[in-house]
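K.L.:
Encoded as structure tokens, here's the structure I'll be asking about.
The values are calculated or read from the model by the stated rules, or taken from the named source; none is laboratory data. Since the structure is predicted, the reported quantities are computational estimates derived from the model, not experimental observations. Every residue, glycine as well, gets a Cβ built from its backbone with ideal geometry; the counts of neighbours run over all protein chains shown. The accessibility values were calculated without ligands, DNA or RNA, using every heavy atom of the protein model including side chains. Shrake-Rupley method; radii C 1.70, N 1.55, O 1.52, S 1.80 Å.
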Amino acid sequence: MRVAQRFAVVTGASGGIGRAVAERLAAADCRLLLVGRDPDRLAAVARSTGGEVLVADLADAGDVAALAARLADPDEAPDLLVNNAGVGAVGPAADVDGADLDRLLTVNLRTPVLLTRAVLPAMTARGCGHLVFVSSIAAVLGVAGESAYAAVKAGLHVFAASLRAEVAAAGVGVSTVVPGVVDTDFFVRRGAPYARRFPRPIPPERVAAVLVRAVERDQAEVVVPAWLRVPVAVRSLAPTTYHRLAERWGGDG
Ligand SMILES: NC(=O)c1ccc[n+]([C@@H]2O[C@H](COP(=O)([O-])OP(=O)(O)OC[C@H]3O[C@@H](n4cnc5c(N)ncnc54)[C@H](OP(=O)(O)O)[C@@H]3O)[C@@H](O)[C@H]2O)c1
């Protein structure tokens with residue numbers, strides 16, 4: 001789907017990848033609804049993109065229901081929904097806390113599923129629309145110390161793949177974006193700054209460019225940076241070998 005002059009909803013638009021996506025879509029003359037919690041940071045993005053701000057906590061059932069109701073209105077339904085908002089968590093699997101797990105599941109998986117359900121009827125009725133899910137390389141490879149985050153993102157990943165097969169005939173596209181390590185506040189916010197030398201974090205603008213291209217080309221899944229497809233392929237073809245190498249080299253993201 002060409003993105004020019006479409007109406008796009010971007011969750012997690014107040015910073016990082018979401019902000020970069022909003023700015024790229026604004027450059028294509030899109031009308032934007034910018035969703036996040038931080039009104040000041042959202043206002044800054046609104047100034048640079050001309051988008052409308054919607055302050056909503058995507059971990060809060062009431063806020064999510066209100067947003068879903070708005071997006072389900074055929075007059076308010078977007079052409080493009082970018083499910084980008086996400087939170088991380090770090091620590092050994094044995095220490096996973098129930099409250100953290102609930103937050104991870106809600107923001108990273110439950111809310112995108114509910115927002116998708118809200119926008120699908122209008123998209124299928126129009127025979128046009130596109131949904132994007134921002135997953136993580138952790139969802140594909142698994143990362144020591146990030147098991148809960150990786151598992152939740154893997155759920156999102158498989159939801160998106162299943163959805164793509166389900167809605168293709170209705171003219172609705174679905175893309176999964178699989179970033180590696182991206183230079184955003186994500187790591188600090190999860191409580192553990194990114195400390196490894198390799199792989200080096202990439203700028204969020206690079207992820208945004210790949211994401212928008214995936215929409216325009218209706219790509220099912222894009223990995224950014226592209227070289228990460230090599231470990232993904234090794235993991236798929238030779239999982240034991242992959243895990244031996246990963247134990248030696250470690251991982252993050
Ligand atoms: N950075 C990486 O290396 C990396 C790698 C792989 C995947 N990802 C994924 O990429 C996506 C974007 O992350 P990022 O790197 O751009 O991190 P970020 O800078 O921390 O941005 C996260 C965004 O999600 C929003 N958000 C978080 N919790 C929310 C909530 N409860 N309600 C509403 N909005 C919420 C934040 O908005 P507010 O602050 O306004 O609430 C913020 O705009 C996430 O899904 C993340 O899992 C990131």
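K.L.:
Test of understanding: extend the Cα→C-beta vector of residue 248 to 7 Å, then name every residue of region 215-242 with backbone N under 16 Å from that spot.
P.N.:
Inside the label zone: 231, 234-235, 238-242.
K.L.:
Follow-up question, since we're still on this one. Taking a ≥ b ≥ c as the square roots of the Cα gyration tensor eigenvalues, with a/c under 1.5 meaning rounded and otherwise prolate when a/b beats b/c, else oblate, which class fits region 5-91?
P.N.:
Judged from the Cα gyration tensor, region 5-91 comes out oblate (a/c at least 1.5, b/c at or above a/b).
K.L.:
Averaging the inverse of every distinct alpha carbon separation and then flipping it gives the Kirkwood radius. What is it for region 14-65, in angstrom units?
P.N.:
After inverting the mean inverse Cα-Cα distance, the result is 11.0 Å.
K.L.:
For the pair residue 162 and residue 192, what calculated FRET efficiency results from E = 1/(1 + (r/R0)^6), where r is the Cβ-Cβ distance and R0 = 41 Å, to the nearest 0.05?
P.N.:
0.85
K.L.:
Let me ask something else. With a 1.4 Å probe and all protein chains in place, put 234, 210 in order of accessible area, largest first. Walk me through the numbers before you get to the answer.
P.N.:
On the way: 234 50, 210 20 Å².
Largest accessible area first, the residues go 234, 210.
K.L.:
Please report, as a whole percent, how much of the solvent-accessible surface of region 7-249 comes from carbon and sulfur atoms (probe radius 1.4 Å).
P.N.:
That share works out to 54 percent.
K.L.:
With a 1.4 Å probe and all protein chains kept in place, how much accessible area does residue 10 have, in Å² rounded to the nearest 10?
P.N.:
Number for this one is 0 Å².
K.L.:
From the square roots a ≥ b ≥ c of the eigenvalues of the alpha-carbon gyration tensor of region 43-158, which class results: rounded (a/c under 1.5), prolate (a/b over b/c), or oblate?
P.N.:
It is prolate, given that a/c is not under 1.5 and a/b is the larger ratio.
K.L.:
Now for a different question. Using the alpha carbons of the chain, what is the convex hull volume per residue in cubic angstrom, as a whole number?
P.N.:
Dividing the Cα hull volume of the chain by its residue count gives 117 Å³.
K.L.:
Now for a separate question. So how do 166, 76, 146 rank on accessible area, 1.4 Å probe, biggest first, that is with the largest at the start?
P.N.:
So the residues, ranked largest to smallest area, are 166, 76, 146.
K.L.:
With every protein chain in place, what's the accessible area of residue 187 (1.4 Å probe, Å², nearest 10)?
P.N.:
10
K.L.:
Heavy atoms of the protein only, probe of 1.4 Å, neighbouring chains included. What is the accessible area of residue 243 in Å², nearest 10?
P.N.:
80
K.L.:
So, one more: Region 194-218 to region 143-188: how many Å between their Cα centroids?
P.N.:
After rounding, the separation between the Cα centres reads 13 Å.
K.L.:
Can you sort 227, 249 by 1.4 Å-probe accessible area, starting with the largest?
P.N.:
Output order, biggest surface exposure first: 249, 227.
K.L.:
Which whole-number value in Å² is the accessible area per residue of region 1-78, probe 1.4 Å? Numbers along the way, then the final one.
P.N.:
Details: 3440 Å² over 78 residues.
With the other protein chains kept in place, region 1-78 gives 44 Å² per residue.
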